[in-house]
Amino acid sequence: MSDTVTIFDTTLRDGEQSPGCSMTMPEKLKVAEALVELGVDVIEAGFPIASPGDFEAVRAVAQKFGERTTICALARCRREDIERAAEALKGIAKSRIHVFLATSPIHRQFKLKMAEQEIVKAAVEHVQLAKTFCDDVEFSPEDAARTELDFLCEVVEKAIAAGATTINIPDTVGYATPNHYFKVITHLKQHVPNIGQAVISTHCHNDLGLAVANSLAAVEAGARQVECTINGLGERAGNAALEEIVMALKTRKDFYGIETRINTPKLCGTSRLVSSITGMLVQRNKAIVGQNAFAHEAGIHQHGMLQNRATYEIMRAEDVGFIGENMVLGKHSGRHAFRARVTELGYTLDDAQLQKVFDDFIALADKKKHVYDADIVALIDKQTTQTADRWQLVQFHIGAGTGTIPTATVELRDDANAEAPQAFRDAAIGDGPVDAVCKAMERIIGVSAELKDYQVRAVSGGEDAQGEASVEIAYLGRRYHGKAVSTDVIEASALAYLKALNRAIGDNSKTPVTRAQA
């Protein structure tokens, strides 16, 4: 068996299917670039038949990165799906078509309404069709973990004979347990005569919190590709988390004897990027990339750490690119010192980006006494993930307090016409100052959204820490998110809400009616 596992990332496809996590084209390209820099072997860029936007996104990712890593497109066992996927991948050096068809009894009876031999026939025909467009073809028997083993073996054997080079065994609904999943992979290896002609892959969902454990059990049984997402993003409870899979294999190489090609010091940076773009916050105690992943508060732990870090740490923070809150710079620090620190933190910025981040750093240093590494990272993320939004916050004024009706006056700039931007003002009352600001912005833009989630956290320590606001809104049946940072949490909240509104109106063809021009 190979001593290297292929890391197949589906953040742009399965991960993006999480409610509220849809990405724009520029955002998908940023995530794809980060995945390439991370060292991901295969990027599943999307489902081209799903929509024109999905097709264009897969096409754009393939054209930009298809010479550097394998770009994969998903397709059902339908001719139109496969032809659309092939068109999206056309002309690139490294392409893969991923064909899937459900095989479990419940899917056969209620979703597909197909008999076993009809499914075998469809799988063979469509793998063969995909093979005419692409040498690298992956086949997935959807809901494999709940499929009868004899039938699963038959489908897998016929798919390999038809030309599939990778056979993925999905635990589509997160039903499996590690021992169960291990036995499924072992059974395939023992009972499918041509199994050695294909790579066995895993695709595990986290409905029972076992996605990573199941994936590792499959690797132990002989699987040599793992399908996963950054931060475990995905439908329902999510997918297997890439960072956890990779670091488990690296940290316990003594047990698994397996390596990956992942550049692990970039794990935390990639995690922050995906979190910032999708609006899905990473829980503080999340393994590998959480804010508390390398924190020690208990006295006995701190004592052990002072003696030898290995007493309570099985990984080094620098191995995953973890950045704490070390105070490093102040407002008198020069541009050269700032550039050096940015480089030490693992970021590569061009001159224009560096200047913008440095200007933000100087402005921040005037507001707070101590600037931490975490503050600098937040400023970099702000610059590298921001998009050209139509509506910009110019200024706002609030009135609030005990016994006072919270009010807000807001001025926004409409950049729909870049050559002649217009300023608009309006006022509103609300349940609190943040609510009042958000309602005033809605009045100006001419939309009404429903706030679904609102969270604020401190980026670093201290009373003057930057606040990071994250919001999720519902508009016309879809969810949109926004995130922003500021030393003023009301400003951060307003910017985050405006970011979500910009996403919402940008995703709909109807042009909102403005209400009050300055």
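Points to keep in mind about this one:
- Residue satisfying condition, being touching a residue at least 60 places away in the same chain (Cβ under 8 Å) and more than 25 Å from THR70 (Cα to Cα), within set GLY209, GLY222, GLY174: GLY174
- Candidates VAL434, VAL489, filtered to the one that is modelled with pLDDT of 90 or more and touching a Ser or Thr at 6+ places or on another chain (Cβ under 6 Å): VAL434
- Unique residue being closer than 18 Å to GLU235 by Cβ and either among the basic types (Lys, Arg) or modelled with pLDDT of 95 or more (or both) when the list is GLU33, GLU44: GLU44
- Being at pLDDT 90 or above, surrounded by fewer than 17 Cβ atoms within 10 Å (Cβ to Cβ) and out of contact with any Ser or Thr (no Cβ under 8 Å at 6 or more places or on another chain) is a property that ALA287 has.
- For the stretch 234-261, residues that are surrounded by fewer than 24 Cβ atoms within 10 Å (Cβ to Cβ) and assigned to a loop (DSSP other than H, G, I, E, B) total 9.
- So LEU364, is it assigned to a helix (DSSP H, G or I), surrounded by 17 or more Cβ atoms within 10 Å (Cβ to Cβ) and either touching an Asp or Glu at 6+ places or on another chain (Cβ under 9 Å) or assigned by TED's automatic domain parsing to the domain that holds ALA34 (or both): yes
Let's see how each residue does on (1) closer than 22 Å to ARG79 by Cα; (2) surrounded by 23 or more Cβ atoms within 10 Å (Cβ to Cβ); (3) of a type in the set (S, T, N, Q):
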| position | (1), (2), (3) |
| --- | --- |
| ILE97 | yes, yes, no |
| VAL120 | yes, no, no |
| VAL137 | yes, yes, no |
| GLU142 | yes, no, no |
| GLU148 | no, no, no |
| ILE160 | yes, no, no |
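- Which numbered condition CYS21 fails, given (1) of a type outside the set (Gly, Ala, Ser); (2) part of a loop (DSSP other than H, G, I, E, B); (3) more than 30 Å from LYS452 (Cα to Cα): (3)
- Within the stretch 74-91, considering residues that are assigned to a loop (DSSP other than H, G, I, E, B) and not charged (D, E, K, R), the one surrounded by the most Cβ atoms within 10 Å (Cβ to Cβ): CYS77
Yes/no per residue for (1) in contact with a Leu (Cβ under 6 Å, 6 or more places away or on another chain); (2) buried (at least 20 other Cβ atoms within 10 Å of the Cβ); (3) farther than 29 Å from LEU152 by Cα:
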| position | (1), (2), (3) |
| --- | --- |
| GLY20 | no, no, yes |
| VAL40 | no, yes, no |
| ALA62 | yes, yes, yes |
| ARG68 | no, no, yes |
| CYS72 | no, yes, no |
| ALA93 | no, no, yes |
| PHE100 | no, yes, no |
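- Odd one out for VAL219 among (1) assigned to a helix (DSSP H, G or I); (2) at pLDDT 95 or above; (3) out of contact with any helix residue (DSSP H, G or I) (no Cβ under 7 Å at 6 or more places or on another chain): (3)
- Qualifying residue in the stretch 499-514 (condition: in contact with an Asp or Glu (Cβ under 9 Å, 6 or more places away or on another chain), closer than 29 Å to GLY324 by Cα, aliphatic (A, V, I, L, M) and at pLDDT below 95): yes
- Restricting ILE473, ILE490 to residues that are touching a Pro at 6+ places or on another chain (Cβ under 6 Å) and not in a loop (DSSP other than H, G, I, E, B) narrows the list to ILE490.
- Those residues of the stretch 239-261 which are of a type in the set (Val, Ile, Thr) and more than 19 Å from the chain's Cα centre (by Cα), in sequence order: THR251, ILE258, THR260
- Candidates THR264, THR270 - the one that is closer than 24 Å to ASP373 by Cβ, over 15 Å from the mean Cα position of the chain (by Cα) and outside the structural domain of ASP375 (by TED's automatic domain parsing): THR264
- Scoring ALA57 on the criteria (1) touching a strand residue (DSSP E or B) at 6+ places or on another chain (Cβ under 8 Å); (2) assigned to a helix (DSSP H, G or I); (3) closer than 16 Å to ILE262 by Cβ; (4) free of Cβ contacts under 8 Å to residues at least 60 places away in the same chain leaves a single failure, condition (3).
- Unmet criterion (only one of (1) within 21 Å of ALA62 (Cα to Cα); (2) acidic (Asp, Glu); (3) not in a strand (DSSP E or B)) for GLU157: (1)
- Some residue of the stretch 424-433 being part of a helix (DSSP H, G or I) and outside the structural domain of MET23 (by TED's automatic domain parsing): yes
The values are calculated or read from the model by the stated rules, or taken from the named source; none is laboratory data. Here the structure is a predicted model, which is why all the values come from computation and not from measurement. Every residue, glycine among them, receives a Cβ derived from its backbone with ideal geometry; neighbour counts consider all protein chains shown.
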